[in-house]
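Just below is one structure, and these are the notes that go with it.
The values are calculated or read from the model by the stated rules, or taken from the named source; none is laboratory data. This is a predicted model, so every value here is computed, not measured. To get the accessible areas, we keep the full protein, side chains included, count just its heavy atoms, and leave off ligands, DNA and RNA. Shrake-Rupley method; radii C 1.70, N 1.55, O 1.52, S 1.80 Å.
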Amino acid sequence: MSSRSSRSSRSSRPSGDRTRAGGATAVRALGAAAAVAAAVAVPLGLFAAPADAVQGEAQRLMYVHVPAVLTAYAAFAVMLAANVLYLARRTERWDRLGRAAAELGAGLTALTIALGMLWARPVWGVWWTWDPRLVSTAAMLLLALGCLAVRAWPGEAGAPARRAALAGPAVAAAMPVVHFSVLWWRTLHQPPSLLKPSGAVPVDPPMLVALLAGVAAFLLAGAWVVARRYRALGTAPANPARPEVVEREPLRAAA
(Lines give C-alpha, C1' and ligand atoms only; values in the text may rest on other atoms or scores of the structure.)
Protein backbone atom coordinates (compact mmCIF):
# COMPACT_ATOMS: atom_id res chain seq x y z
CA MET A 1 0.00 0.00 0.00
CA SER A 2 2.78 2.38 0.87
CA SER A 3 4.63 1.65 -2.37
CA ARG A 4 1.50 2.46 -4.38
CA SER A 5 1.07 5.78 -2.58
CA SER A 6 4.73 6.72 -3.16
CA ARG A 7 4.45 5.90 -6.85
CA SER A 8 1.25 7.89 -7.15
CA SER A 9 2.81 10.86 -5.38
CA ARG A 10 5.77 10.78 -7.75
CA SER A 11 3.49 10.56 -10.79
CA SER A 12 1.39 13.45 -9.54
CA ARG A 13 4.40 15.70 -9.11
CA PRO A 14 4.25 18.65 -11.55
CA SER A 15 6.34 18.28 -14.68
CA GLY A 16 8.04 21.60 -13.98
CA ASP A 17 9.34 20.32 -10.65
CA ARG A 18 10.71 17.18 -12.31
CA THR A 19 12.40 19.28 -14.99
CA ARG A 20 14.02 21.54 -12.40
CA ALA A 21 15.18 18.55 -10.38
CA GLY A 22 16.68 16.95 -13.48
CA GLY A 23 18.36 20.21 -14.41
CA ALA A 24 19.90 20.54 -10.95
CA THR A 25 21.23 16.98 -11.18
CA ALA A 26 22.78 17.72 -14.58
CA VAL A 27 24.42 20.87 -13.25
CA ARG A 28 25.89 18.98 -10.30
CA ALA A 29 27.21 16.28 -12.62
CA LEU A 30 28.77 18.95 -14.83
CA GLY A 31 30.44 20.54 -11.82
CA ALA A 32 31.81 17.18 -10.69
CA ALA A 33 33.23 16.52 -14.17
CA ALA A 34 34.87 19.96 -14.16
CA ALA A 35 36.44 19.28 -10.76
CA VAL A 36 37.84 15.93 -11.95
CA ALA A 37 39.22 17.52 -15.12
CA ALA A 38 40.86 20.29 -13.09
CA ALA A 39 42.39 17.74 -10.71
CA VAL A 40 44.00 16.08 -13.73
CA ALA A 41 45.05 19.28 -15.49
CA VAL A 42 46.78 20.98 -12.53
CA PRO A 43 49.53 18.37 -11.92
CA LEU A 44 50.04 17.95 -15.67
CA GLY A 45 50.65 21.66 -16.09
CA LEU A 46 52.75 22.11 -12.96
CA PHE A 47 54.84 18.95 -12.89
CA ALA A 48 54.42 16.60 -15.85
CA ALA A 49 55.07 19.15 -18.60
CA PRO A 50 58.69 20.38 -18.78
CA ALA A 51 59.67 24.02 -18.53
CA ASP A 52 60.12 25.85 -21.82
CA ALA A 53 63.70 26.08 -23.06
CA VAL A 54 63.41 29.80 -23.83
CA GLN A 55 60.65 31.21 -21.61
CA GLY A 56 61.35 29.06 -18.57
CA GLU A 57 58.71 28.59 -15.88
CA ALA A 58 56.72 31.60 -17.13
CA GLN A 59 55.57 29.43 -20.02
CA ARG A 60 53.39 27.42 -17.62
CA LEU A 61 50.93 30.30 -17.67
CA MET A 62 50.02 29.03 -21.14
CA TYR A 63 48.16 26.13 -19.54
CA VAL A 64 45.70 28.64 -18.08
CA HIS A 65 46.01 31.52 -20.55
CA VAL A 66 45.17 29.55 -23.70
CA PRO A 67 42.27 27.57 -22.15
CA ALA A 68 40.82 30.82 -20.78
CA VAL A 69 40.71 32.53 -24.17
CA LEU A 70 39.43 29.42 -25.98
CA THR A 71 36.63 29.07 -23.43
CA ALA A 72 35.86 32.77 -23.89
CA TYR A 73 35.55 32.11 -27.63
CA ALA A 74 33.18 29.23 -26.92
CA ALA A 75 31.10 31.39 -24.57
CA PHE A 76 30.79 34.15 -27.15
CA ALA A 77 29.80 31.59 -29.81
CA VAL A 78 27.03 30.33 -27.51
CA MET A 79 26.03 33.94 -26.86
CA LEU A 80 25.78 34.65 -30.59
CA ALA A 81 23.64 31.56 -31.21
CA ALA A 82 21.37 32.48 -28.30
CA ASN A 83 21.08 36.06 -29.58
CA VAL A 84 20.02 34.88 -33.03
CA LEU A 85 17.47 32.47 -31.56
CA TYR A 86 16.08 35.17 -29.28
CA LEU A 87 15.62 37.61 -32.15
CA ALA A 88 13.92 34.87 -34.19
CA ARG A 89 11.63 33.48 -31.48
CA ARG A 90 11.60 36.13 -28.70
CA THR A 91 11.77 33.36 -26.11
CA GLU A 92 13.01 34.39 -22.69
CA ARG A 93 15.20 31.33 -22.16
CA TRP A 94 17.43 32.28 -25.11
CA ASP A 95 17.96 35.70 -23.59
CA ARG A 96 18.98 34.10 -20.29
CA LEU A 97 21.42 31.80 -22.06
CA GLY A 98 22.91 34.67 -24.06
CA ARG A 99 23.34 36.78 -20.94
CA ALA A 100 24.95 33.96 -18.96
CA ALA A 101 27.36 33.18 -21.80
CA ALA A 102 28.22 36.85 -22.32
CA GLU A 103 29.04 37.27 -18.63
CA LEU A 104 31.35 34.26 -18.69
CA GLY A 105 33.02 35.39 -21.90
CA ALA A 106 33.67 38.87 -20.53
CA GLY A 107 35.13 37.49 -17.30
CA LEU A 108 37.41 35.04 -19.10
CA THR A 109 38.56 37.73 -21.54
CA ALA A 110 39.57 39.91 -18.59
CA LEU A 111 41.39 36.89 -17.09
CA THR A 112 43.14 36.32 -20.42
CA ILE A 113 44.44 39.89 -20.46
CA ALA A 114 45.61 39.68 -16.84
CA LEU A 115 47.44 36.39 -17.44
CA GLY A 116 48.97 37.79 -20.62
CA MET A 117 50.35 40.73 -18.67
CA LEU A 118 51.84 38.37 -16.07
CA TRP A 119 53.48 36.41 -18.88
CA ALA A 120 54.69 39.50 -20.77
CA ARG A 121 56.56 41.01 -17.81
CA PRO A 122 59.29 38.33 -17.56
CA VAL A 123 59.32 37.45 -21.28
CA TRP A 124 58.96 40.86 -22.96
CA GLY A 125 60.12 43.02 -20.05
CA VAL A 126 56.90 45.08 -20.00
CA TRP A 127 53.42 44.63 -18.57
CA TRP A 128 51.68 46.09 -21.62
CA THR A 129 52.56 47.07 -25.16
CA TRP A 130 50.38 48.24 -28.01
CA ASP A 131 50.59 44.90 -29.76
CA PRO A 132 47.77 44.00 -32.21
CA ARG A 133 46.84 40.89 -30.21
CA LEU A 134 46.66 42.80 -26.92
CA VAL A 135 44.77 45.75 -28.38
CA SER A 136 42.22 43.58 -30.21
CA THR A 137 41.64 41.48 -27.07
CA ALA A 138 41.06 44.62 -25.02
CA ALA A 139 38.63 45.85 -27.68
CA MET A 140 36.75 42.53 -27.52
CA LEU A 141 36.47 42.90 -23.75
CA LEU A 142 35.06 46.42 -24.10
CA LEU A 143 32.52 45.19 -26.66
CA ALA A 144 31.47 42.38 -24.32
CA LEU A 145 31.07 44.79 -21.42
CA GLY A 146 29.05 47.09 -23.67
CA CYS A 147 26.82 44.17 -24.65
CA LEU A 148 26.08 43.66 -20.96
CA ALA A 149 25.77 47.38 -20.20
CA VAL A 150 23.00 48.04 -22.74
CA ARG A 151 20.70 45.94 -20.59
CA ALA A 152 20.69 48.72 -17.98
CA TRP A 153 19.35 51.37 -20.38
CA PRO A 154 15.72 52.33 -19.75
CA GLY A 155 13.08 51.17 -22.17
CA GLU A 156 9.90 49.20 -22.62
CA ALA A 157 9.57 45.55 -21.65
CA GLY A 158 11.85 43.35 -23.75
CA ALA A 159 14.05 46.23 -24.88
CA PRO A 160 17.12 45.24 -22.81
CA ALA A 161 17.12 41.71 -24.22
CA ARG A 162 16.62 43.00 -27.76
CA ARG A 163 19.46 45.52 -27.44
CA ALA A 164 21.81 42.88 -26.03
CA ALA A 165 20.92 40.48 -28.84
CA LEU A 166 21.65 43.14 -31.46
CA ALA A 167 24.97 44.06 -29.82
CA GLY A 168 26.16 40.46 -29.48
CA PRO A 169 27.32 39.97 -33.10
CA ALA A 170 29.87 42.78 -32.66
CA VAL A 171 31.58 40.73 -29.96
CA ALA A 172 31.54 37.63 -32.15
CA ALA A 173 32.98 39.60 -35.07
CA ALA A 174 35.96 40.57 -32.90
CA MET A 175 36.95 36.95 -32.24
CA PRO A 176 38.59 36.20 -35.63
CA VAL A 177 40.40 39.54 -35.45
CA VAL A 178 41.82 38.60 -32.06
CA HIS A 179 42.77 35.09 -33.08
CA PHE A 180 44.35 35.88 -36.45
CA SER A 181 45.93 39.19 -35.46
CA VAL A 182 49.28 37.45 -34.91
CA LEU A 183 49.14 36.20 -38.50
CA TRP A 184 47.75 39.30 -40.21
CA TRP A 185 50.15 41.85 -38.68
CA ARG A 186 53.70 41.93 -37.40
CA THR A 187 53.46 41.36 -33.68
CA LEU A 188 55.51 40.49 -30.63
CA HIS A 189 53.01 37.84 -29.64
CA GLN A 190 53.84 34.26 -30.55
CA PRO A 191 51.69 32.47 -33.19
CA PRO A 192 48.68 30.43 -32.06
CA SER A 193 49.50 27.24 -30.19
CA LEU A 194 46.18 25.68 -31.28
CA LEU A 195 43.66 26.34 -34.07
CA LYS A 196 46.33 27.26 -36.62
CA PRO A 197 45.20 27.56 -40.28
CA SER A 198 47.83 25.01 -41.33
CA GLY A 199 46.62 22.51 -38.76
CA ALA A 200 50.12 21.99 -37.35
CA VAL A 201 50.55 22.15 -33.57
CA PRO A 202 54.08 23.32 -32.67
CA VAL A 203 53.91 21.96 -29.11
CA ASP A 204 55.83 19.02 -27.64
CA PRO A 205 53.61 16.05 -26.70
CA PRO A 206 53.88 16.44 -22.87
CA MET A 207 53.08 20.14 -23.18
CA LEU A 208 50.24 19.43 -25.61
CA VAL A 209 48.67 16.90 -23.24
CA ALA A 210 48.81 19.41 -20.37
CA LEU A 211 47.38 22.13 -22.60
CA LEU A 212 44.49 19.97 -23.83
CA ALA A 213 43.74 18.90 -20.26
CA GLY A 214 43.55 22.56 -19.29
CA VAL A 215 41.23 23.30 -22.20
CA ALA A 216 38.93 20.44 -21.20
CA ALA A 217 38.86 21.60 -17.57
CA PHE A 218 38.08 25.20 -18.54
CA LEU A 219 35.36 24.19 -21.00
CA LEU A 220 33.64 21.98 -18.43
CA ALA A 221 33.95 24.62 -15.71
CA GLY A 222 32.65 27.28 -18.09
CA ALA A 223 29.66 25.15 -19.04
CA TRP A 224 28.96 24.60 -15.33
CA VAL A 225 29.10 28.34 -14.61
CA VAL A 226 26.79 29.15 -17.53
CA ALA A 227 24.33 26.45 -16.47
CA ARG A 228 24.21 27.73 -12.90
CA ARG A 229 23.82 31.33 -14.03
CA TYR A 230 21.10 30.35 -16.51
CA ARG A 231 19.12 28.69 -13.74
CA ALA A 232 19.66 31.63 -11.39
CA LEU A 233 18.40 34.10 -13.99
CA GLY A 234 15.32 31.94 -14.44
CA THR A 235 14.38 32.21 -10.77
CA ALA A 236 15.19 35.93 -10.39
CA PRO A 237 12.33 38.43 -10.82
CA ALA A 238 12.28 40.17 -14.19
CA ASN A 239 11.82 43.63 -12.68
CA PRO A 240 12.95 43.60 -9.06
CA ALA A 241 11.08 46.16 -7.07
CA ARG A 242 13.13 49.03 -5.79
CA PRO A 243 13.03 49.64 -2.07
CA GLU A 244 10.63 52.38 -1.29
CA VAL A 245 11.93 55.48 0.37
CA VAL A 246 10.00 56.18 3.53
CA GLU A 247 9.83 59.83 4.38
CA ARG A 248 10.10 60.45 8.05
CA GLU A 249 8.68 63.43 9.83
CA PRO A 250 11.28 65.72 11.36
CA LEU A 251 11.78 65.19 15.03
CA ARG A 252 10.04 67.76 17.09
CA ALA A 253 11.95 69.36 19.83
CA ALA A 254 10.76 68.39 23.23
CA ALA A 255 8.80 71.09 24.94
Which percent of the accessible area of the range 53-135 is formed by carbon and sulfur heavy atoms (probe 1.4 angstrom)? 67 percent
Here the gain from full extension of Trp185 to Trp128, 0.36 nm per residue of separation minus their alpha-carbon distance, amounts to 18.8 nm
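Find the accessible area per residue for the range 93-230; the probe is 1.4 Å, ligands and nucleic acids are left out, and the unit is Å². Display every interim value, and only then the final one.
Details: 6930 Å² over 138 residues.
Here the residues of the range 93-230 average 50 Å² of exposed surface.
Please work out how much length the chain gains when fully extended from Leu142 to Leu166, using 0.36 nm per residue of separation minus the C-alpha to C-alpha distance, in nm with one decimal. Each step should come with its number before you reach the end.
Values: separation 24, 0.36 × 24 = 8.64 nm, distance 1.56 nm.
That pair, Leu142 and Leu166, stretches by 7.1 nm at full extension.
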How large is ³J(HN,Hα), in whole Hz, for each residue of the range 148-161 in order, when computed from phi with the Karplus curve 6.51 cos²θ - 1.76 cosθ + 1.60 and θ = phi - 60°, using x for Gly and Pro? 7, 5, 5, 5, 7, 5, x, x, 6, 4, x, 5, x, 5
Would you mind checking which residues have amide H under 5 Å from Asp204's amide H? H placed 1.01 Å from N; only 5 or more apart, or other chain. none
Could you go through the range 97-102 in sequence order and give the Karplus-derived ³J(HN,Hα) for each residue, using 6.51 cos²θ - 1.76 cosθ + 1.60 with θ = phi - 60°, rounded to whole Hz, and x for Gly and Pro? 5, x, 5, 4, 5, 5
Between the alpha carbon centres of the range 143-191 and the range 48-98 the gap in Å comes to 13 Å
Work out from phi, with θ = phi - 60° and the Karplus expression 6.51 cos²θ - 1.76 cosθ + 1.60, the ³J(HN,Hα) of each residue of the range 123-132, listed in order in whole Hz, and give x for Gly and Pro. 8, 8, x, 9, 7, 8, 9, 7, 7, x
